[in-house]
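The values are calculated or read from the model by the stated rules, or taken from the named source; none is laboratory data. Keep in mind the model is a prediction, meaning the values are calculated, not measured. Virtual Cβ from ideal backbone geometry, glycine too; neighbours counted across all protein chains shown.
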Amino acid sequence: MFSVIQIIRNSFIRLEGFLYQLFGFLKSLFSQIFGFLARIFGFSKSEYFLETNEATSIKPSNIQQPAKVEPKATPEASTTTTTLRRRPDPKMDYFRKMAQELNKK
């Protein structure tokens, strides 16, 4: 009985490997076909939808230097310490009260 189960398992493994190879071949075939068509129709060029500056007669504007930002003299309180604090957990309060009741007995 165990040999029949082993034969079925091996058959499924072989079928899975065959389908993996078949779909891999079909994937590469379609990618080659669509890649060829994309090169023919010019979809592989990155500047396909972009126009050059000369064609639209756009002149680059003068690049302005950003204004200097002066550092503040007073340091600000860090907000990370307030965000890292844990909120009181109501479940923990329940357990603390239970522990206090046990200690009283």
Unmet criterion (only one of (1) at pLDDT below 75; (2) surrounded by fewer than 10 Cβ atoms within 10 Å (Cβ to Cβ); (3) polar (S, T, N, Q)) for Ser44: (2)
Meets criteria (surrounded by 10 or more Cβ atoms within 10 Å (Cβ to Cβ) and either of a type in the set (S, T, N, Q) or modelled with pLDDT under 85 (or both)) for Phe49: no
Test set (1) in a helix (DSSP H, G or I); (2) surrounded by 10 or more Cβ atoms within 10 Å (Cβ to Cβ); (3) at pLDDT below 85 - Lys91 fails condition number: (2)
